[in-house]
Amino acid sequence: MRIGPVLVTLLALGATLQAQDFLLSRTDGSQLRGRVVGLAGSGEDQRLVFATADTRMSVPWTEILALQGPSPKVDAAVAVHLVGGDELKGRITGGDDEGETLLLETSLGSVTIPLDRLRTVVFRARAKTRGPAEFRIAKDDDFDEAVFLEAGRGLDVQGGEIDRLSESGIYFARLGDELARMYRFDSLVGLAIREGVAPEKLGGWSLISTAGDRLRVDVLQAGAEQLRVRTEFGDKTLAYSGVAALTRLVGTRTYLSDLQPLRVEEVGDDGDLGKAPLYTFQRDRTVSGGVLLGERSSADGFLVADGRTYGKGLGVHSKCVLIYRVPPKMTKFHARVAIDDEVKALGIKGDADVAVRSGDKLLWRSAGLRRGHKPRSLGILKVEPGSTLSLEVEFGKGLFAGDRIDWLSAVFLN
């Protein structure tokens, strides 16, 4: 059989898409599957050139919400959480002699991090299911830096001062000691600094790498094979196979995960308002933070649905109602909703009913949301600035333990 040139081109493009592709989410609520070809134009007129299986198009930056790639697979030794929300995964290789920096080998290459940018460092092998929120220095503690060691079922908190870091451990002077002693990394659960310093400038995009890094960046170049971004640690280049999600944060949009709800209603499995919920809602993470049956999932709490990673959104558990005030000038709302992929490892289905209301008016409803369903789009819902918007998740027909719901890319638009 003779194959024409057009069919040959489509077959070649299809093979490329199978090797590496993204979902391109747009501000009109649509999604396209394809690959990044490059950039066109400059400044305000810059566009992303994107190829689907049968066409090529130029999409203005202003019309892009995000690129959704594969789920992160985190196998790093440490998770470094910075003031401002960024996090890097990798291996500590040392620090400077003055004790001012930490050197980290990451999927983005070697990174030098000032110690005053740190919030916590979590040593993942020993931390197990403990998240960064558990490594905090209390307000009434008389120290600003601390190391955390195992102590039975709890943590032994030792306050003091970081002297410096080496390739194998941290030199730390405990409160009252004149000399620093060395704590090997393989003996630590975590370390924390009370008051770090926020970055001077935040990038306009949120990047999640397939290694589990989360950084605010500016996009410098986007070629056919790789992406170049500017970070606070210098310009970095990574192949598209290393990109799990790239979300545009600037422009006429406000993500719900950047807002404080007016009211939160979360209840336990019997519907009792006085009973604590199984999990409380999370911003830009699954409601469980990635904890599965006593172990931490490979996604490490990232929002993943139908195999795709979403950089912005809300993780909630049934039953949950979140009520927000529509910001000024915002007239539209968009989101997708799904049960997070981590439920697949629980061995239960999950089943929930979801709805969106403006005041008492029902804007959108979907019943029987189950594990394995593709994310359901709300489309573009009209809202009024200053009004209230409610995201509601009700118990469904299944076991409520599987009702780990993601409101994906939940965003107000102008």
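The values are calculated or read from the model by the stated rules, or taken from the named source; none is laboratory data. Since we're looking at a predicted model, the values are computed, not measured. Neighbour counts run over all protein chains shown; Cβ positions are idealised from the backbone, glycine included. Each accessible area value is taken on the protein alone, full model and side chains, heavy atoms only, with ligands, DNA and RNA left out. Shrake-Rupley method; radii C 1.70, N 1.55, O 1.52, S 1.80 Å.
Inspection of region 90-108 identifies at least one residue that is without any contact (Cβ under 8 Å) to a residue 60 or more places away in the chain, open to solvent by 70 Å² or more (accessible area, probe 1.4 Å) and part of a strand (DSSP E or B).
The set of residues in region 208-231 that are farther than 21 Å from ALA76 by Cα, in a loop (DSSP other than H, G, I, E, B) and touching a residue at least 24 places away in the same chain (Cβ under 8 Å) comprises GLY223, ALA224.
With respect to (1) in contact with a strand residue (DSSP E or B) (Cβ under 6 Å, 6 or more places away or on another chain); (2) surrounded by 19 or more Cβ atoms within 10 Å (Cβ to Cβ), the lone exception for VAL304 is condition (1).
Residues checked against (1) outside any loop (DSSP other than H, G, I, E, B); (2) closer than 23 Å to ALA239 by Cβ:
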{"site": "ASP28", "(1), (2)": "no, no"}
{"site": "VAL49", "(1), (2)": "yes, yes"}
{"site": "SER58", "(1), (2)": "yes, yes"}
{"site": "SER71", "(1), (2)": "no, yes"}
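Test VAL393 against the stated conditions and say whether it is touching a His at 6+ places or on another chain (Cβ under 8 Å), on the phi < 0 side of the Ramachandran plot, modelled with pLDDT of 95 or more and not in a loop (DSSP other than H, G, I, E, B). Yes, satisfied.
Residue by residue, here is whether (1) among the acidic types (Asp, Glu); (2) at pLDDT below 80; (3) open to solvent by less than 60 Å² (accessible area, probe 1.4 Å); (4) within 23 Å of ASP340 (Cα to Cα) holds:
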| residue | (1), (2), (3), (4) |
| --- | --- |
| ARG26 | no, no, yes, yes |
| VAL37 | no, no, yes, no |
| ALA40 | no, no, yes, no |
| ASP54 | yes, no, no, no |
| THR62 | no, no, no, no |
| ALA66 | no, no, yes, yes |
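Of all residues being without any contact (Cβ under 8 Å) to a residue 24 or more places away in the chain and not acidic (Asp, Glu) in region 345-362, which is nearest to HIS373 (Cα to Cα)? Just the residue, please. Here the answer is GLY347. When region 100-119 is filtered for residues that are more than 23 Å from PRO72 (Cα to Cα) and basic (Lys, Arg), only ARG117 remains. Of the listed requirements (1) farther than 23 Å from GLN226 by Cβ; (2) assigned to a loop (DSSP other than H, G, I, E, B), GLU44 misses just one: (2). Quick check on region 264-287. Is at least one of its residues in contact with a Ser or Thr (Cβ under 7 Å, 6 or more places away or on another chain), assigned to a loop (DSSP other than H, G, I, E, B) and within 21 Å of LYS344 (Cα to Cα)? Checked region 264-287: at least one residue is in contact with a Ser or Thr (Cβ under 7 Å, 6 or more places away or on another chain), assigned to a loop (DSSP other than H, G, I, E, B) and within 21 Å of LYS344 (Cα to Cα).
Contact map, region 365-376: first residue open to solvent by less than 60 Å² (accessible area, probe 1.4 Å), second residue among the acidic types (Asp, Glu), Cβ cut-off under 8 Å, separation 6 or more or different chains; pairs are SER366/ASP353; ALA367/ASP353; GLY368/ASP351; GLY368/ASP353; LEU369/ASP351; LEU369/ASP353; PRO375/ASP306; PRO375/ASP406. Condition first: more than 13 Å from the chain's Cα centre (by Cα) and of a type outside the set (Gly, Ala, Ser). Now tell me which residues in region 238-247 satisfy that. LEU238, TYR240, listed by residue number. Scanning region 223-230 for any residue that is open to solvent by 30 Å² or more (accessible area, probe 1.4 Å) and touching a Phe, Trp or Tyr at 6+ places or on another chain (Cβ under 8 Å) turns up at least one such residue. Would you check if there is a residue in region 316-335 being closer than 20 Å to LEU278 by Cα and not in a strand (DSSP E or B)? Taking every residue of region 316-335 in turn, at least one turns out to be closer than 20 Å to LEU278 by Cα and not in a strand (DSSP E or B).
The residue pairs whose first member lies in region 390-405 and is closer than 16 Å to VAL287 by Cα and of a type in the set (Asp, Glu), whose second member is open to solvent by 60 Å² or more (accessible area, probe 1.4 Å) and outside any strand (DSSP E or B), and whose beta carbons are closer than 7 Å, counting only pairs six or more residues apart or on different chains, are GLU394/LYS319. Whenever a residue of region 327-344 is farther than 13 Å from ALA410 by Cβ, its partners that are open to solvent by less than 20 Å² (accessible area, probe 1.4 Å) and assigned to a helix (DSSP H, G or I), lying with C-beta atoms within less than 6 angstrom and at least six residues away or across chains, give the pairs VAL343/GLY402.
Being open to solvent by 60 Å² or more (accessible area, probe 1.4 Å), touching a Lys or Arg at 6+ places or on another chain (Cβ under 8 Å) and closer than 19 Å to LEU115 by Cα is the filter here; which residues of region 136-167 pass it? The one that is open to solvent by 60 Å² or more (accessible area, probe 1.4 Å), touching a Lys or Arg at 6+ places or on another chain (Cβ under 8 Å) and closer than 19 Å to LEU115 by Cα: ASP144. Would you say PRO261 is within 30 Å of LEU155 (Cα to Cα) and either open to solvent by less than 60 Å² (accessible area, probe 1.4 Å) or of a type in the set (Gly, Ala, Ser) (or both)? Here the answer is no, as PRO261 does not meet what is asked. Of all residues in region 174-202, those satisfying the criterion of being part of a loop (DSSP other than H, G, I, E, B), at pLDDT 95 or above and buried (at least 17 other Cβ atoms within 10 Å of the Cβ) are ALA180, LEU188, VAL189.
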